[in-house]
Amino acid sequence: MEKYQSICTCNNELNLSDYINVLSKSVKQELDDFCIDDTSKVLFIGSGAFPTSALTIAQEAGAKVVGLDIDNEAVELAKKVTKFSGLESKVKFSSESLYKLDFVKEATHIIIASLVRNKLEVLDSLRTNINMNAKIILRYGNGLKSAFNYPLEKDLSPDWIETKISQSKNIYDTIMLEKSRPLV
């Protein structure tokens with residue numbers, strides 16, 4: 001579906017600014033909840049072919065955003081949509097591995113999309129590469145919400161400081177994770 005939306009946008013068959021404006025109302029709450037602003041550097045893992053959240057973050061908060069996706073076709077479509085939106089100075093895309101992407105160490109916020117299946121593996125990869133103050137925003141869906149999202153049914157508290165965010169109106173749930181500080 002995202003690839004179809006991306007192609008339609010690039011062919012002037014879908015008004016991207018109207019779409020982003022509608023979504024920005026719901027993402028704006030996330031921006032406030034996670035203190036994302038124009039000084040933020042956001043890594044969005046699983047950004048997809050139609051990177052609505054990444055574009056909304058750049059447009060609404062003015063943050064620098066790097067979208068990461070394992071699907072090369074999705075990355076290329078996302079680049080086209082971003083150019084079409086006029087946000088290419090704020091948003092970049094890559095399919096590099098987390099271990100090779102230097103931006104991981106710079107990121108102040110890391111968002112893991114609800115459609116990323118291997119969330120625990122991604123968290124494991126991030127643990128040693130992120131800066132100590134980075135906030136990880138993990139989107140998931142348990143129960144009925146798992147029809148549209150990959151679930152997260154493991155307690156992560158031994159490894160991370162967790163803050164659950166109430167989002168009953170969204171189709172996904174969100175948890176904020178921060179690195180546990182070593183005991184001295």
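One table, with the values for the structure above:
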| read-out | value |
| --- | --- |
| Residue within the range 114-123 that is open to solvent by less than 20 Å² (accessible area, probe 1.4 Å) and small (Gly, Ala, Ser) present | yes |
| Where a residue in the range 159-177 is closer than 16 Å to Ala147 by Cα and outside any strand (DSSP E or B) and its partner, wherever it lies, is at pLDDT below 85 and open to solvent by 50 Å² or more (accessible area, probe 1.4 Å), with Cβ under 6 Å and at least six apart | Ile171/Phe148 |
| Which listed residue is open to solvent by less than 20 Å² (accessible area, probe 1.4 Å), charged (D, E, K, R) and closer than 24 Å to Cys35 by Cβ, from Arg139, Arg127 | Arg139 |
| Evaluation of Leu144 against (1) surrounded by fewer than 20 Cβ atoms within 10 Å (Cβ to Cβ); (2) touching a residue at least 60 places away in the same chain (Cβ under 8 Å); (3) not charged (D, E, K, R) (one fails), failing number | (2) |
| Those helices (runs of 4 or more DSSP H) lying entirely in the range 54-145 with at least 1 residues under 16 Å from the mean Cα position of the chain (by Cα) and either at pLDDT 95 or above or closer than 21 Å to Lys28 by Cα (or both) | 72-85, 103-106 |
| Conditions (1) at pLDDT 90 or above; (2) touching a strand residue (DSSP E or B) at 6+ places or on another chain (Cβ under 6 Å); (3) crowded, with 20+ Cβ neighbours inside 10 Å; number of the one not met by Leu152 | (1) |
| Only one of Ser40, Ser24 that is touching a His at 6+ places or on another chain (Cβ under 6 Å) and either open to solvent by less than 10 Å² (accessible area, probe 1.4 Å) or at pLDDT below 90 (or both) | Ser40 |
| Qualifying residue in the range 73-80 (condition: buried (at least 20 other Cβ atoms within 10 Å of the Cβ) and not hydrophobic (A, V, I, L, M, F, W, C)) | no |
| Residues within the range 155-177 that are open to solvent by 50 Å² or more (accessible area, probe 1.4 Å) and under 16 Å from the mean Cα position of the chain (by Cα), tallied | 1 |
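The values are calculated or read from the model by the stated rules, or taken from the named source; none is laboratory data. Since we're looking at a predicted model, the values are computed, not measured. For neighbour counting, all protein chains shown are included, and Cβ atoms are generated from backbone atoms with ideal geometry for every residue, glycine included. Surface areas here come from the heavy atoms of the whole protein model, side chains and all, with no ligands, DNA or RNA. Shrake-Rupley method; radii C 1.70, N 1.55, O 1.52, S 1.80 Å.
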